[in-house]
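In what follows, a structure is listed as structure tokens, so that the remarks can point back to it.
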Amino acid sequence: MSDQTREPARAPEDLAVLFNQRANAGDVEGLVALYEPEAVLAAGRVVATGHAEIRSFYADLLARKSDFPAPETLPPLRNGPLALTFARLPNGALSVEAAREQADGTWLWAIDQLKIAPPKS
């Protein structure tokens with residue numbers, strides 16, 4: 001599927017829905033398309049900067065995992081063209097992202113902190 005035929009995020013809360021759909025479809029390029037060109041993604045000790053590194057991260061992840069349950073998404077916190085998006089994963093971990101409105105009115109993630117583990121009790 002080309003970038004031209006993928007539905008863009010028209011609101012920050014659309015990003016998590018699109019992420020889940022594309023991850024479950026094994027669409028690495030679709031996942032990369034949710035990020036700004038110089039975005040930063042952190043997942044544990046792995047930090048990926050820019051589309052090439054983010055593509056490599058998701059190619060590796062999708063090669064190992066094919067089922068992504070829908071997270072519980074929380075309302076974004078918006079301030080003009082910036083938004084924080086949040087999702088609680090089924091295992092209790094949190095995902096927190098900084099999204100930015102683009103010149104065309106669509107939204108992309110600029111920073112993505114995947115899997116903040118829940119506190120150990």
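The values are calculated or read from the model by the stated rules, or taken from the named source; none is laboratory data. It should be emphasised that the depicted structure is a prediction, and the values quoted were computed from it without experimental measurement. Cβ sites come from the backbone with ideal geometry, for glycine too, and all protein chains shown count toward neighbours. Just so you know, the surface numbers come from the protein's heavy atoms only, side chains and all, with ligands and any DNA or RNA stripped out. Shrake-Rupley method; radii C 1.70, N 1.55, O 1.52, S 1.80 Å.
Side notes on the structure shown:
- If you check GLY80, GLY44, GLY50 for being touching a Pro at 6+ places or on another chain (Cβ under 8 Å) and at positive phi, only one passes: GLY50.
- For PRO37, the conditions (1) under 15 Å from VAL17 (Cβ atoms); (2) touching a His at 6+ places or on another chain (Cβ under 7 Å) are fulfilled apart from (1).
- Residue list for segment 26-62, filter: modelled with pLDDT under 95, open to solvent by 50 Å² or more (accessible area, probe 1.4 Å) and small (Gly, Ala, Ser): GLY44
- Selection status of ALA9, in contact (Cβ under 8 Å) with a residue 60 or more places away in the chain, touching a Leu at 6+ places or on another chain (Cβ under 6 Å) and either among the small types (Gly, Ala, Ser) or on the phi < 0 side of the Ramachandran plot (or both): yes
- The residues of segment 25-74 that are more than 18 Å from ILE116 (Cβ to Cβ), within 14 Å of the chain's Cα centre (by Cα) and among the hydroxyl-bearing types (Ser, Thr, Tyr), listed by number, are TYR35, THR49, TYR58.
- In a residue-by-residue description of segment 84-98, the property of being within 19 Å of ARG6 (Cβ to Cβ) and either in contact with a Gly (Cβ under 7 Å, 6 or more places away or on another chain) or modelled with pLDDT of 90 or more (or both) applies to at least one position.
- Here ALA39 qualifies as among the small types (Gly, Ala, Ser), over 20 Å from PRO90 (Cβ atoms) and touching a Gly at 6+ places or on another chain (Cβ under 9 Å).
- Looking across segment 77-121, just one residue is closer than 15 Å to VAL40 by Cβ and either part of a loop (DSSP other than H, G, I, E, B) or aromatic (Phe, Trp, Tyr) (or both), and that is TRP109.
- Pairing residues of segment 26-40 that are under 16 Å from ARG100 (Cβ atoms) and assigned to a strand (DSSP E or B) with residues that are of a type in the set (Lys, Arg) and open to solvent by 10 Å² or more (accessible area, probe 1.4 Å), at Cβ distances under 7 Å and at least 6 apart in sequence or on separate chains, gives GLU36/ARG100.
- Subset of segment 69-109 (residues that are over 19 Å from TYR35 (Cα atoms) and open to solvent by less than 30 Å² (accessible area, probe 1.4 Å)): GLY92, ALA93
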